[in-house]
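The values are calculated or read from the model by the stated rules, or taken from the named source; none is laboratory data. Given the structure is predicted, the values throughout are model-derived calculations rather than measurements. Quick reminder, even Gly has a Cβ in these numbers, built from the backbone with ideal geometry, and neighbours come from all protein chains shown. For accessibility, only protein heavy atoms count, side chains too; no ligands or nucleic acids. Shrake-Rupley method; radii C 1.70, N 1.55, O 1.52, S 1.80 Å.
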Amino acid sequence: MTFLSSTDMQSSKTSHRPLAAIALIIACAIFSMSNIHIIDISKNNYDVSNFSCSWGPNSTQSCIELLSNRLPRPHSCPPRWLFLGDSTMKRLFFVSKLRDVLIELPLRLEQMNCTRSFQTHRCKLNEVFGLPQRDQWIPLPPEEFGGPVVMRGPCNDCFGCNTDFLDCPIGNGSSCYDASYGGYVSMEFAKDAEIQTEEYNTSQENIASRFDRVWNKRLDVWKNKPICVFSAGNHDILVENITTAAYENNVRFLLKTFQNVCEHIVWLGNTAPLRDDTEYKQ
């Protein structure tokens, strides 16, 4: 199964500096920001090459071309990137050159005046985003099939999935910066209650609200919203009694929550072993 947008994105031949690193791992479907819906392509005659690609160590070109042609043309400012997911997304971000491009390089540029937010403990979730802690943590109702599963409280199920991102405020400036910036955000489920505030019950709503408030407040200068790269599923399958339909509903919830926060969404599909494995059925 993959994911489709209801409208085509305009083709763009522009290049983005982080693309070479990003394309190293991408097996994705790309969403435009209107009328997000999910379609089972096994039941329809869709040309998946128009909106998705598969990556392999010796076959990277199709994903590079897809991203180069389908991502929106940036305005006068370089794109900002957020990578949101579990430990697989973290490894992508930390092992590739993404961290160097989106965090280390901007930090060395004094004119950008960036600040780094790094999660130091699996239970310091609200703190890394500067969000107030809710007085009492409340799990999601069972019928919502959300996380967490292991840690019954405001903590990451994933040990070591440390959020790491930059804020680079423009302030009173009249122009954006010459370099991209961004980061990795720990988000293990399509829907979960790991981060709660008095305003929102889910991590997805709180994180979306935070980046919309901080990153998108000066769109008069930085014309484009961030490009968001998502993946979810490895932890969702551990939720008790979850079904494919419930997972799809939660993915819809995730994407719609970020619909007005991100300029563009890239979805990394989950992979499966190329074998007939009766112990770990896919």
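The relative contact order of the stretch 67-218, computed from alpha carbon pairs under 8 Å that lie at least 6 residues apart in sequence, is 32 percent. Rounded to whole numbers, the Karplus 3J(HN,Hα) couplings from phi for the stretch 203-215 are 4, 4, 5, 5, 5, 4, 4, 5, 6, 5, 5, 8, 7 Hz, using 6.51 cos²θ - 1.76 cosθ + 1.60 with θ = phi - 60°, and x at Gly and Pro. Applying the Karplus relation 6.51 cos²θ - 1.76 cosθ + 1.60 with θ = phi - 60° to the stretch 150-162 yields 3J(HN,Hα) values of 8, 8, 8, x, x, 9, 5, 5, 6, 8, x, 7, 7 Hz, where x marks Gly and Pro. Only Lys, Arg, Asp and Glu carry charge here, each on its Cβ (+1 for the first two, -1 for the last two); on that basis the stretch 208-255 has a dipole of about 480 debye about its Cα centre. Between the residues T197, G182, Q133, the greatest Cα displacement towards the positive end of the dipole of the stretch 114-197, with unit charges on the Cβ of Lys, Arg, Asp and Glu, is found for Q133. Starting from the Cα gyration tensor of the stretch 157-264, take the square roots of the eigenvalues, sort them a ≥ b ≥ c, and report rounded, prolate or oblate (rounded when a/c is under 1.5, otherwise prolate if a/b is larger than b/c, else oblate). Prolate shape, in that a/c is at least 1.5 and a/b is the bigger ratio.
Among the listed pairs K217/K256; K124/K191; K124/K256; K90/K217; K90/K191, a Cα-Cα separation exceeding 22 Å is found for K124/K256; K90/K217.
Using the average count of surrounding beta-carbon atoms within 10 Å as a protection proxy, the listed peptides 107-116, 141-150, 205-214 rank, highest first, as 205-214, 141-150, 107-116. For the stretch 47-185, what class follows from the C-alpha gyration tensor (a ≥ b ≥ c being the square roots of its eigenvalues): rounded when a/c is under 1.5, otherwise prolate if a/b is larger than b/c, else oblate? Since a/c reaches 1.5 but b/c is at least a/b, the shape of the stretch 47-185 is classed as oblate. Net charge around L107, counting only other residues with Cβ within less than 12 Å of its Cβ (Lys, Arg = +1; Asp, Glu = -1)? Neighbour charge sum, excluding L107 itself: -2. Taking all protein chains together and a 1.4 Å probe, the residues F189, F159 rank F159, F189 from largest to smallest accessible area.
Charge dipole (Cα centre; +1 on Lys/Arg Cβ, -1 on Asp/Glu Cβ; no other charges) of the stretch 74-202 amounts to roughly 400 debye. Placing a label point 7 Å from the Cα of K223 along the Cα-to-Cβ direction, the residues of the stretch 75-110 whose backbone N falls under 15 Å from that point are 75-80.
Here the stretch 178-219 is treated with +1 on each Lys and Arg Cβ and -1 on each Asp and Glu Cβ, and its dipole about the Cα centre works out to around 240 debye. Computed over the stretch 92-158, relative contact order equals 23 percent, with contacts defined as Cα pairs under 8 Å that lie 6+ residues apart. Amide H contacts for G147 (H built 1.01 Å from N in the peptide plane; partners 5 or more residues away or on another chain; cut-off under 5 Å): K191, D192, A193.
In loop segments of the stretch 119-150 as defined by DSSP, there are no trypsin sites (Lys or Arg not before Pro) with at most 11 further C-beta atoms inside 10 Å of their C-beta.
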